[in-house]
Each structure stands twice: as C-alpha cells, then as structure tokens.
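The values are calculated or read from the model by the stated rules, or taken from the named source; none is laboratory data. Bear in mind the structure is a predicted one, so any value in this text is a computation, not a measurement. Cβ coordinates were reconstructed from backbone atoms using ideal geometry, including for glycine residues, and neighbour counts include every protein chain displayed. For the accessible areas, the whole protein counts, side chains as well, though only heavy atoms, and no ligand, DNA or RNA atoms are used. Shrake-Rupley method; radii C 1.70, N 1.55, O 1.52, S 1.80 Å.
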Amino acid sequence: MAKVVIRYVEPFGATNVLVGTMPQIGATKRQQIGHILINAWPNDWSARYFSQNYVFKDPTITLVREGLESFFWNEDEVVGLRSGMRVMGEAKEFGLAEGFTMTLPSLGPEHVGFSIAGERLELSPENKKNLALVANFAVYRALRIRHTQQNSSVLKLTAREREVLQLAAEGWKERQIASRLGITDHAIDKYMRSCREKLGSRNTNHAIALALRKGLIS
C-alpha cells in the first residue's frame, strides 16, 4: 500500500508518506506505533520521534485531532504552535522539509492523519482534490486490513488466555487466578498482557469488554 501511494505522490515532490489514527494522550510507545496504518517515513526519524515521545508535541497531530481538514506544514496553524517548532525543525534533518497533511474519517470515532513530505512539495488545488480521493481509498483499505488482522489475532487467543480472562471478568484478582489455576503470578501477568495485545485493548477492563462483545467469554 505504501509503495502505491508513494508512486502517486512522487510527481508532487513527496518522497515519504505516513498515515495513522490518533493515539490517546499517555499512550505507550508500542501503542503509538500500533496506530500507524501506512509507513514510508525515514527510519532514523521514526526512531528519534518515538524515543522522544514527540507524538504529543507534534503540531500536525494536534491539528488532526482538532479536525482541521488539510494544511501545509509551513502554514500559521502549524508553525504558530511553539510546542511543535522543535519537532518540525528536526524533521527537516531527515528530508521532511515540506509537508502536507489531511484529516480523514476512520471506521471509528477517531480521525486519521494522512501526511506526505519531501524536500519541496508542489501541490495545486486540483492535485489536492485528487490526492484526497487517493488518500480516502488508501485509508479505507488500510483500516480494513488492520481490522482483519485484529480479528485474526483475536481468534488466536489460547484456551488458557480465555480462561484467565474469563476469571478476571468474574471479578477474580490476578493472585487469586494464579492460586486457582496453580500457576505463578508472573504467568498470569504474561497471559493478561498477551490478551490485551491481541485484543488491541488499553487495559484489562477494556480487554474484558472487547472479549465479551466478541463472544470470547461470557
């Protein structure tokens, strides 16, 4: 998917593309990365970006959250946000001197940010209109792929993971579950973390809610 989008945007001067849903405030590095749908961003920049937790300082993220339809990175709405000056300045070191971002709908309540960038962009109003069509299609396909992958992962919950999650849903604490099943607290923690990751949940209560909704536990 990334290669297809890159081929389309190259005539506009774009060499990179990044598409993703918006992580919640306080999301861990792993959770932040899990929101990426299409990734053709410089690897070194991505490593610095996530290690410095820039997702919560990035003005493009802020503006996508606010629902701004589209914007170039050199517009007042972006450069006027002091918290983002460092982020955008460092991005130039990795070939992301100029960028353009669109805010698109997703299959859920959150917005999707669609960004292209390069050393120099040239996008006419007609180009932007056509890019919006391509972006919407790419986002739709990427979201469907992620949804399919998540459902596939859910089906791979082991019998033990379902058992642990079922007991947690019934109000048992992790230490009580460990005692009942005759295994260590560490093992229970491992099973619960695996359940949360496979279900794409924020915490144990969220994992239980998702499992109930999908009929994995009762």
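The table below gives the values:
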read-out: Accessible solvent surface per residue of segment 57-138, calculated while the other protein chains remain in place, 1.4 angstrom probe, Å²; value: 53 Å²
read-out: Debye-sum result for the chain in log10 I(q)/I(0), which assumes one identical scatterer on each alpha carbon, at q = 0.07, 0.09, 0.15 Å⁻¹; value: -0.28, -0.45, -0.95
read-out: Among GLY200, GLY108, GLY20, residue whose mean-square fluctuation peaks in a GNM of the chain (springs only between Cα atoms under 10 Å); value: GLY108
read-out: Theoretical FRET efficiency, 1/(1+(r/R0)^6), r = Cβ-Cβ of THR28 and THR148, R0 22 Å, to 0.05; value: 0.35
read-out: GNM top mover of ILE36, ILE116, ILE145 - the chain, alpha-carbon springs below 10 Å; value: ILE145
read-out: Gain on full stretching of the segment that runs from ALA209 to ARG162 - 0.36 nm per residue minus C-alpha separation; value: 15.6 nm
read-out: Solvent-accessible area, 1.4 Å probe, carbon plus sulfur percent, for the chain; value: 51 percent
read-out: Spin-label proximity, THR184 to segment 156-170 - amide N less than 20 Å from point 7 Å beyond Cα toward beta carbon; value: 160-161, 164-165
read-out: Ranked packing of 56-63, 38-45, most packed first, by mean Cβ within 10 Å; value: 56-63, 38-45
read-out: Local electrostatic count, ASP185, Cβ distance below 11 Å [Lys/Arg +1, Asp/Glu -1]; value: +1
read-out: Value of relative contact order over segment 1-77, rounded to a whole percent, pairs C-alpha under 8 Å and six or more apart; value: 26 percent
read-out: Gyration tensor over alpha-carbon atoms, segment 118-218, equivalent ellipsoid semi-axes in Å; value: 43, 14, 10
read-out: Sites LYS173 and MET1 - FRET efficiency at Förster radius 41 Å, r taken between beta-carbons, to 0.05; value: 0.45
read-out: Where Cα atoms sit under 29 Å apart: lysine pairs in the chain separated by 8 or more or lying on different chains; value: 29
read-out: Estimated [θ] at 222 nm from DSSP helical runs (n ≥ 4, -39500 (n - 2.57)) normalised by residues in the chain, nearest 500; value: -15500 deg cm²/dmol
